[in-house]
Amino acid sequence: MKKKHLLPILYICSFLCSIAPITVYFILNHHKYIGTYQEVIKLSIGGAVCLVLMLLKICGKLKLSSSTVVFGFAFGLSYLLKSITDDILIFSFLILLGDVLDKMIFAIPIKRIKERVFIDKNADATCEKMEEILSRYYRGGE
């Protein structure tokens, strides 16, 4: 398998590794957090926002430019995830665990493959230019 085709698979595995601990804990204790229909809707929206933010973080696209944006996200997520804030210590530990596992297992291979793909693209471009120059030289300078 080519390295550039392996990169999306590693990104997906990295994302799944990041969310695995908190997902397993939430599934095992879902009866504790989901009581009414409104809580289910708020948790679903909050969870979707958290997943998108985590996916952006893993891909390196999460750039929060101002403190207003950060505090706005914090307020919005705390409102949406209000029913699980009692266990914030457990959830923050599980998020930390997922992030550490992601960095230990996937961050280094992703970085190496991205560098290798970049090097291969540059080598191919250089090779094409050299072939063009050599073909002009050996054809008599056409």
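The values are calculated or read from the model by the stated rules, or taken from the named source; none is laboratory data. Note that the coordinates shown come from a computational prediction; the quantities given were computed from them, not determined experimentally. All Cβ positions, glycine included, derive from the backbone under ideal geometry; neighbour counts span all protein chains shown.
Apart from one condition, Leu51 fits all of (1) under 22 Å from Leu101 (Cβ atoms); (2) surrounded by fewer than 14 Cβ atoms within 10 Å (Cβ to Cβ); the exception is (2).
Scanning the stretch 82-112 for residues that are in contact (Cβ under 8 Å) with a residue 12 or more places away in the chain and of a type in the set (Ser, Thr, Tyr) yields one hit, Ser83. Scanning the stretch 106-117 for residues that are among the hydrophobic types (A, V, I, L, M, F, W, C) and over 16 Å from Lys57 (Cα atoms) yields a count of 2.
Among the helices (runs of 4 or more DSSP H) confined to the stretch 1-97, the ones with at least 1 residues that are closer than 30 Å to Arg116 by Cα and either within 13 Å of the chain's Cα centre (by Cα) or modelled with pLDDT under 80 (or both) are located at 3-28, 37-59. For the stretch 4-24, filtering for residues that are farther than 13 Å from Phe106 by Cβ and surrounded by fewer than 16 Cβ atoms within 10 Å (Cβ to Cβ) leaves 4. With respect to the conditions (1) closer than 30 Å to Asp120 by Cβ; (2) out of contact with any Leu (no Cβ under 8 Å at 6 or more places or on another chain); (3) not β-branched (Val, Ile, Thr), Leu97 falls short on a single one, namely (1).
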